[in-house]
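The values are calculated or read from the model by the stated rules, or taken from the named source; none is laboratory data. Note that the coordinates shown come from a computational prediction; the quantities given were computed from them, not determined experimentally. When we count neighbours, we look across all protein chains shown, and the Cβ atoms used for this are built from the backbone with ideal geometry, even at glycine. Ligands, DNA and RNA are excluded from the accessible area calculation, which covers all protein heavy atoms including side chains. Shrake-Rupley method; radii C 1.70, N 1.55, O 1.52, S 1.80 Å.
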Amino acid sequence: MRIGIIGAGNIGGNLTRRLTALGHDVFVANSRGPHTLTALAEETGARPVPVEEAARGAEVVVVAIPVKAVPDLPAGLLDEAADGVAVIDTGNYYPRERDGRIAEIEDEGLTESRWTERRIGHPVIKAFNGTYAQDILDRPRPAGAPDRLALPVAGDDEAAKAKVRALIDELGFDTVDAGGLDDSWRQQPGTPVYGLRGGVAEVGKALTEASPERPADFRA
């Protein structure tokens, strides 16, 4: 598949490494420009592009940038993406450490990915937000392996969600359907599943144990 990755930090960089190794055609972008991605491109074979071009023709687009940077993404970012493009939001809202206060999340109870979806004007699938970046490289396992990790995946577009879950399976991880995007608070920072290294049963249990009240540590 043709995959666009916006953000070349820990998650975006390691997804670039794995997805290119699996034979996907990866285009990677960051806020500092393609010239800063030369080393990653040489390592992986991914093609560095400006942010404006990252989604062009892409069947999957990964948004792996700080929440505070989402409003700075160019308008029409997804206009030239492939029909039925699945957009993965890996982001987390960290108001104290990084992002500042976002009223719609804090006061209106909007889930973090619903907020991102509204900013980019396209449905998103929430995945990888509680995954340790190094596990993307070190912890893939074949289907059926007893120590295979599972990742929660939330979103409203069932076709896009199925595409994302299939891609995660290809990467070497199981998935658990975490419901629609309005249910994605169950996997936000401070919840039992966030950062959990567990299988399908453990992840499913953790999702049911989540509270909709945002923990104090993750409020501005």
Going through the range 58-79 in order, the residues found to be touching a helix residue (DSSP H, G or I) at 6+ places or on another chain (Cβ under 7 Å) and either among the hydroxyl-bearing types (S, T, Y) or open to solvent by 50 Å² or more (accessible area, probe 1.4 Å) (or both) are K68, P71
When (1) touching a Ser or Thr at 6+ places or on another chain (Cβ under 6 Å); (2) over 19 Å from D135 (Cβ atoms) are applied to T44, the one that fails is (2)
Every listed condition ((1) touching a helix residue (DSSP H, G or I) at 6+ places or on another chain (Cβ under 6 Å); (2) farther than 19 Å from A220 by Cα; (3) surrounded by 20 or more Cβ atoms within 10 Å (Cβ to Cβ)) holds for G91 save (2)
When every residue in the range 42-52 that is in a loop (DSSP other than H, G, I, E, B) and not small (G, A, S) is compared, the one surrounded by the fewest Cβ atoms within 10 Å (Cβ to Cβ) is P50
(1) charged (D, E, K, R); (2) under 15 Å from the mean Cα position of the chain (by Cα); (3) more than 19 Å from L110 (Cα to Cα) all hold for E202 apart from (2)
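Residue by residue, here is whether (1) under 21 Å from P74 (Cα atoms); (2) of a type in the set (V, I, T); (3) out of contact with any Gly (no Cβ under 9 Å at 6 or more places or on another chain) holds:
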position: T16; (1), (2), (3): no, yes, yes
position: T20; (1), (2), (3): no, yes, no
position: F27; (1), (2), (3): yes, no, no
position: T36; (1), (2), (3): yes, yes, yes
The correct count of residues that are within 16 Å of T131 (Cα to Cα), part of a helix (DSSP H, G or I), more than 13 Å from the chain's Cα centre (by Cα) and of a type in the set (A, V, I, L, M, F, W, C) in the range 152-193 is 2
Picking from A55, A82, the residue that is over 20 Å from A216 (Cα atoms), open to solvent by less than 40 Å² (accessible area, probe 1.4 Å), touching a Leu at 6+ places or on another chain (Cβ under 9 Å) and in a loop (DSSP other than H, G, I, E, B) would be A55
Among residues of the range 6-21 being crowded, with 21+ Cβ neighbours inside 10 Å and assigned to a loop (DSSP other than H, G, I, E, B), the residue nearest to the chain's Cα centre (by Cα) is G7
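Condition first: more than 19 Å from the chain's Cα centre (by Cα) and either hydrophobic (A, V, I, L, M, F, W, C) or open to solvent by less than 50 Å² (accessible area, probe 1.4 Å) (or both). Now tell me which residues in the range 22-35 satisfy that. Walk me through it before giving the result.
Here is the first cut: in the range 22-35, the residues more than 19 Å from the chain's Cα centre (by Cα) are 23, 32-35.
If the condition is that a residue be more than 19 Å from the chain's Cα centre (by Cα) and either hydrophobic (A, V, I, L, M, F, W, C) or open to solvent by less than 50 Å² (accessible area, probe 1.4 Å) (or both), then G33, P34 are the ones that fit.
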Picked from the range 144-167 (must be without any contact (Cβ under 8 Å) to a residue 40 or more places away in the chain, hydrophobic (A, V, I, L, M, F, W, C) and farther than 17 Å from R18 by Cα), the residue least open to solvent (accessible area, probe 1.4 Å) is V153
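Among the candidates R101, R119, single out the residue that is surrounded by fewer than 22 Cβ atoms within 10 Å (Cβ to Cβ), in a helix (DSSP H, G or I) and touching a residue at least 12 places away in the same chain (Cβ under 8 Å). I'd like the intermediate steps shown before the answer.
On the way: R101 fails: in a helix (DSSP H, G or I).
Going through R101, R119 in turn, just one is surrounded by fewer than 22 Cβ atoms within 10 Å (Cβ to Cβ), in a helix (DSSP H, G or I) and touching a residue at least 12 places away in the same chain (Cβ under 8 Å): R119.
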- Message: I'd like to check something: does the range 177-187 contain any residue that is in contact (Cβ under 8 Å) with a residue 40 or more places away in the chain and of a type in the set (S, T, Y)?
- Response: yes
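State yes or no: is A39 small (G, A, S), open to solvent by 30 Å² or more (accessible area, probe 1.4 Å) and not in a helix (DSSP H, G or I)? First the steps, then the outcome.
Working: small (G, A, S): yes; open to solvent by 30 Å² or more (accessible area, probe 1.4 Å): yes; not in a helix (DSSP H, G or I): no.
It is false that A39 is small (G, A, S), open to solvent by 30 Å² or more (accessible area, probe 1.4 Å) and not in a helix (DSSP H, G or I).
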